[in-house]
1. Residue by residue through the stretch 266-283, note down the ones that are loosely packed, with under 11 Cβ neighbours inside 10 Å and part of a strand (DSSP E or B).
2. Which ones in the stretch 191-208 are within 28 Å of residue 127 (Cβ to Cβ) and over 17 Å from the mean Cα position of the chain (by Cα)?
3. Examine the stretch 31-44 for a residue that is part of a loop (DSSP other than H, G, I, E, B), away from the ligand (no atom under 16 Å from the Cβ) and out of contact with any Gly (no Cβ under 9 Å at 6 or more places or on another chain), and state whether such a residue exists.
4. Which residues, taken from the stretch 46-87, are without any contact (Cβ under 8 Å) to a residue 60 or more places away in the chain, of a type in the set (A, V, I, L, M, F, W, C) and crowded, with 21+ Cβ neighbours inside 10 Å?
5. Do you know which of the residues in the stretch 242-265 that are buried (at least 17 other Cβ atoms within 10 Å of the Cβ) and under 20 Å from the mean Cα position of the chain (by Cα) is nearest to residue 293 (Cα to Cα)?
6. Somewhere in the stretch 110-129, is a residue part of a strand (DSSP E or B) and in contact (Cβ under 8 Å) with a residue 24 or more places away in the chain?
7. Within the stretch 318-339, how many residues turn out to be within 26 Å of residue 349 (Cβ to Cβ), among the aliphatic types (A, V, I, L, M) and surrounded by 12 or more Cβ atoms within 10 Å (Cβ to Cβ)?
8. Name the residue that is farthest from residue 395 (Cα to Cα), counting only residues in the stretch 191-213 that are touching a residue at least 60 places away in the same chain (Cβ under 8 Å) and within 14 Å of the ligand (Cβ to nearest atom).
Amino acid sequence: MINIYNGSLDKTITVDRIIFEKKGSKKEPTVVFFACVHGNETAGVFALKEVLDQLNESQINGSIYAIVGNLKALEANQRYIDEDLNRIWTKFKINQINTKHKLSSEEKEQKEIFQILERIIGEHSGPLYFIDLHTTSSKTLPFITINDALINRKFSKLFPVPIVLGIEEYLEGPMLSYINELGYVSIGFESGQHDEVDAVLNAIAFINLTLVYSGVMIKEAISNLEDYYNRLINESKGTDDLFEVVYLYTIKEGETFAMRPGFKNFEKINKKTPLATRNNQPIISNFNARIFMPLYQSKGKDGFFIIRKIRPIFLKLSASLRALKADRLLVLLPGVSWENKDERTLQVNLKTARFLTKPLFHLLGYRNKHINKDYMKLYNREWISKTNMYKNEKWFKR
Ligand SMILES: [Zn+2]
């Protein structure tokens with residue numbers, strides 16, 4: 001048990017790894033909430049405590065779990081102790097945690113979380129929903145991040161907030177990417193700036209809506225549901241578009257990086273806008289787009305992202321093409337071959353297939369992960385989705 005303090009609420013609570021657990025029958029829906037995967041982001045834990053402790057357990061039609069991510073870092077009120085817990089969920093690293101002799105502070109946390117996840121997944125066969133609650137160092141509208149699978153898109157669209165997809169192409173080892181690769185709906189919700197009261201209130205709204213949308217609670221069991229929905233509309237200033245990540249500035253080892261002060265998340269930027277400095281030299285934007293997650297804290301390697309709005313026509317087209325499994329035709333193109341057909345992994349020869357652009361692959365549900373100067377390896381997001389698990393849910397049929 002550890003005590004944690006939230007400055008904006010001026011409140012201390014006591015938590016353990018598992019904040020809440022209520023197990024229903026195997027086939028009913030299950031929602032798994034995570035908070036504090038980053039130890040300095042306490043809003044999610046406070047929000048979960050607030051909502052879940054007040055539920056009338058006899059009204060729960062399914063299972064709810066709430067789990068703390070990085071306990072040691074939370075106790076120290078830091079993003080992490082040795083390494084970022086949200087960057088070590090690659091298959092390679094997960095295989096290692098059982099055989100390695102000396103584990104980092106975060107690998108120990110990962111090992112415990114991994115065992116809890118295995119247990120939950122093993123015990124439930126109904127639709128599973130994984131929600132990861134975060135906050136940001138800059139001022140922000142509340143928003144959702146997802147890997148680009150149709151099940152994630154559809155479930156996310158229920159919430160009146162902006163959605164950013166495709167971040168998985170730029171990050172190595174976030175926990176939600178790992179869970180998404182197992183085929184489940186997995187959604188990251190960033191509720192606001194670290195120490196603002198609004199970050200807690202937005203998370204409370206999001207948690208309540210998730211309980212209803214997943215079917216774990218009936219609408220009538222949650223009072224003020226409409227207020228929660230309206231709160232998110234107001235807080236996101238009516239923006240509920242889908243955006244795609246087009247660029248990440250990664251901070252190199254030993255480099256002195258500083259964002260220019262005052263950027264708000266989602267703020268519009270132009271070509272030539274000075275964004276930050278690297279070793280006192282300016283970093284200038286090459287995009288007419290929007291800045292995303294500018295880094296205003298000392299820990300972390302992701303300096304800033306750049307995102308662009310996805311046109312609705314592109315979204316419709318990609319949904320239809322993916323439903324038709326049109327990706328099978330890609331291998332007819334020169335320079336494109338199956339790296340592993342069973343796993344729907346493509347290998348693209350960058351010399352012969354130069355003319356093919358990333359948007360084409362994105363359209364068909366592929367995201368690249370490994371790239372060297374000759375080849376690019378792409379994974380299909382749809383192929384691995386457990387779509388059958390969700391196809392009878394109300395939100396899926398909308
Ligand atoms: Zn975070």
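1. 268, 281, 282
2. 200, 201, 204, 205, 208
3. Within the stretch 31-44, none of the residues are part of a loop (DSSP other than H, G, I, E, B), away from the ligand (no atom under 16 Å from the Cβ) and out of contact with any Gly (no Cβ under 9 Å at 6 or more places or on another chain).
4. Within the stretch 46-87, 66, 67, 68, 73 qualify.
5. The selected residue is 265.
6. yes
7. Matching residues across the stretch 318-339 total 7.
8. The selected residue is 195.
Bear in mind that the values in this text are calculations on the coordinates, not laboratory data. Please read these numbers as outputs of a predicted model, since none were measured by experiment. Quick reminder, even Gly has a Cβ in these numbers, built from the backbone with ideal geometry, and neighbours come from all protein chains shown.
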